[in-house]
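The values are calculated or read from the model by the stated rules, or taken from the named source; none is laboratory data. None of these values were measured; they are calculated from a predicted model. Here the Cβ positions follow ideal geometry from the backbone for every residue, glycine too, while neighbour counts run over all protein chains shown.
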Amino acid sequence: MRARVRGTELYFDVDGMGLVPAGDRMDERPVLFLLHGGPGGDHAGFKSTVAKLRDVAQLVYIDHRGSGRSAAADPATYTLEENVLDVDALRDYLGLERISILGSSYGGMVAQGYAIRFPERVDNLVLAATSPSYRFLEDARKIVEERGTDEQKRVCEWLWAGAFESAEQLYEYYRAMSPMYSLKFDAEKFEKSWNQGIRNFEQLNLGFGGFLREFDFTDELHTIPCPTLVLGGAHDWICPAEHSRLIAERIPRAHLKIFADSSHSIPQDQPEEFLAAVRGFLTCATRIDGGTTEGTEITE
């Protein structure tokens, strides 16, 4: 499905029931917006794992403007701020007063920005393998220098400089770095998922060469009022677990879980544990009179 909002066209997909028969009544499930990583990624990766959350939420997959199956837009609008505003425009387009959000990696940065700017419109927030500021870049570079192979160090120079020149280079980067993104890297599964997705290397360049070097939500996290689940991978190289800990410390109603056997791709490394954590959180963080109440604490 496509929504024409804010001068562009966003691709979105909906999975699961919003109203569920329960005896003699209909129970309302949370509407969970799923925000993918990148910049320049797409929603396809969510559908192999996160899709199983349809039993506790109505899922709304979104491709950011110019990403995946969304229409191309003015590259000047491929920014974190524009992505935040697009999420709110899609919420309004769908006629939703409030939403829940799960943001992974770069999508988690968009989710933080949204919850800070529109706190009254967020029921529950899940932030997976993400960071609150540009400081993740310096930490990631250090980790690659310490752990990376010569090939991994070479392809990461394209990332640090925001200097990818082709889709072939982007493939080369992800093929080399995937064993660091996931502790359960499988070459055959990588090829399959790569062919399913659509990636925009120009957006990745704009992010890593520009706005990701400057954004900083750290001092605004305390303004996020909703129940928040923060998930980190103990072996994450690009958004190290320390960044998840910082987010959880700053958001008043945050719960933290660090996955001991995961890197950046938590749903791939520990799928059942990931789903159990999110299900438990969404089930316990129940809406009351248009607001939310804190659920069972989930800690490291």
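Going by the structure shown, is LEU170 at pLDDT 95 or above, hydrophobic (A, V, I, L, M, F, W, C), in a helix (DSSP H, G or I) and within 22 Å of ARG69 (Cα to Cα)? Please lay out each step first, then the result.
On the way: at pLDDT 95 or above: yes; hydrophobic (A, V, I, L, M, F, W, C): yes; in a helix (DSSP H, G or I): yes; within 22 Å of ARG69 (Cα to Cα): yes.
When the stated conditions are applied, LEU170 passes them.
Consider PHE164 carefully, then state whether it is more than 18 Å from the chain's Cα centre (by Cα), in contact (Cβ under 8 Å) with a residue 24 or more places away in the chain and either surrounded by fewer than 13 Cβ atoms within 10 Å (Cβ to Cβ) or farther than 30 Å from ALA57 by Cα (or both).
Details: more than 18 Å from the chain's Cα centre (by Cα): yes; in contact (Cβ under 8 Å) with a residue 24 or more places away in the chain: yes; either surrounded by fewer than 13 Cβ atoms within 10 Å (Cβ to Cβ) or farther than 30 Å from ALA57 by Cα (or both): yes.
So PHE164 fits the description; yes.
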How many residues of region 31-74 are surrounded by 23 or more Cβ atoms within 10 Å (Cβ to Cβ) and either under 20 Å from ARG4 (Cβ atoms) or among the polar types (S, T, N, Q) (or both)? The answer is 13
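Given the residues LEU282, LEU221, LEU204, which is the only one that is over 24 Å from VAL122 (Cα atoms), modelled with pLDDT of 95 or more and in contact with a Pro (Cβ under 7 Å, 6 or more places away or on another chain)? Explain how you work it out, then say what you get.
On the way: LEU282 fails: over 24 Å from VAL122 (Cα atoms); LEU221 fails: over 24 Å from VAL122 (Cα atoms).
Result of the check over LEU282, LEU221, LEU204: LEU204.
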Picked from region 98-125 (must be of a type in the set (A, V, I, L, M) and farther than 23 Å from MET1 by Cβ), the residue surrounded by the most Cβ atoms within 10 Å (Cβ to Cβ) is MET109
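Can you find even one residue in region 22-29 that is at negative phi, in a loop (DSSP other than H, G, I, E, B) and surrounded by 14 or more Cβ atoms within 10 Å (Cβ to Cβ)?
Within region 22-29, the subset at negative phi is 22, 24-29.
Keeping just the survivors that are in a loop (DSSP other than H, G, I, E, B) gives 24, 29.
Still in the list and also surrounded by 14 or more Cβ atoms within 10 Å (Cβ to Cβ): 29.
Looking through region 22-29, at least one residue is at negative phi, in a loop (DSSP other than H, G, I, E, B) and surrounded by 14 or more Cβ atoms within 10 Å (Cβ to Cβ).
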Going through (1) surrounded by fewer than 16 Cβ atoms within 10 Å (Cβ to Cβ); (2) farther than 26 Å from TYR61 by Cα one by one, LYS192 fails only at (2)
Picking from GLY16, GLY95, the residue that is crowded, with 16+ Cβ neighbours inside 10 Å and either at pLDDT 95 or above or among the β-branched types (Val, Ile, Thr) (or both) would be GLY16
